[in-house]
Structure formats: C-alpha cells, structure tokens
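I have placed the structure first, in the form of structure tokens, so that the comments after it can refer back to it.
The values are calculated or read from the model by the stated rules, or taken from the named source; none is laboratory data. All values derive from a computational prediction rather than experimental measurement. Positions of Cβ are backbone-derived with ideal geometry, glycine not excepted, and every protein chain shown enters the neighbour counts. Only protein heavy atoms, including side chains, enter the accessible area calculation; ligands, DNA and RNA are left aside. Shrake-Rupley method; radii C 1.70, N 1.55, O 1.52, S 1.80 Å.
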Amino acid sequence: MNDFQATQDRSWLFVFIAWLVASVSTLGALFLGEIMGYTPCVLCWYQRIGMFPLVLILAAGLFPFDRGVVRYALPLALAGWLLAVFHWAVASGLVPERATPCSQGVPCSVEQIGWFGFLTLPLLSVLAFSAIIALLLMTHFKASK
C-alpha cells in the first residue's frame, strides 16, 4: 500500500467516524424528542439545523470518498458548535436567560437531562460538534499532504 492510499484510507475513516457521531447525535435528538417526549428549546432547534444535514452531507462524501466534503460540512459544524457553546453557557448560568431567543416555549436554561451529575444536553451537543470539527480538520490536513 502506498502513502497516498494510506492517507486516503485514514481520511475516509475520519469522515466515517464524523458521520457516526452525527448519526448518533441525530438519532439521540429524535429519540429524546419523539419517543421520550422532551420538547426542545429554540437553541436546541437551531443546533439540530446544524447537525441533521451533516448526516446526509458526510454520507455523500464517503461513497465515493470526496475530501471536498470538508468544505461543505465544516461551516455547518462550526455554526452548530457556536450555538452549542452559547446554549451551554446559558444553561450553566454564564449568560443570562434574557439574552437568548427562548422567549416562548421551553426556557433555554432548563436542563432536562443530567447524567452523571454533569452531562447535560447542551454539553453533549458541544462535545459532538467538537468531535466532528476535529475529525473534519484531521481529514483536511491528512488528505492535503
């Protein structure tokens, strides 16, 4: 196996793992909303707008592998990450509730789930978007060599 093929295989694996993270996040959000009956706040909806299309975009970049998928997926992941960090700051009390678009419906500061005493939905969203961004950046820099 030559170096080019090894780099392509590694890059494909990074995009595949990013797709897995996006898929699990999407299925988790749908499960919590549709099956468990949790109503998402406005910031959660905005994060979903960033996450849900990533499942399709990343899958389209896998077969056949196209390293250009980073150009399409990274802006969505970055926008979702910024929203997730803002939501995490609101839920943590670092940003006041009145600075959010959550004027109607579920308040953005309400933490509906708290696993292990610290894992909240906004933090899980930050972690998922961070993982996707890291994997896409690794794909970009490994494939460009």
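Odds and ends about this structure:
- Pick from the stretch 75-96, criterion in contact with a helix residue (DSSP H, G or I) (Cβ under 6 Å, 6 or more places away or on another chain) and over 14 Å from T120 (Cβ atoms), ranking: most open to solvent (accessible area, probe 1.4 Å): W81
- Scope the stretch 45-71; condition under 14 Å from T139 (Cα atoms) and of a type in the set (A, V, I, L, M); matching residues: L58, L62, V69, V70
- Within the stretch 61-71, considering residues that are touching a residue at least 12 places away in the same chain (Cβ under 8 Å) and either in a helix (DSSP H, G or I) or open to solvent by 30 Å² or more (accessible area, probe 1.4 Å) (or both), the one nearest to P122 (Cα to Cα): V70
- Residue count, the stretch 26-60 (criterion: in a loop (DSSP other than H, G, I, E, B) and at pLDDT 90 or above): 0
- Hey, L74 closer than 17 Å to H140 by Cβ and either under 13 Å from the mean Cα position of the chain (by Cα) or in a helix (DSSP H, G or I) (or both) or not: yes
- Residues of the stretch 35-60 satisfying the condition of being surrounded by fewer than 23 Cβ atoms within 10 Å (Cβ to Cβ) and closer than 20 Å to R10 by Cα: V55, I57, A59, A60
- So I49, is it within 16 Å of the chain's Cα centre (by Cα) and farther than 19 Å from L124 by Cα: no
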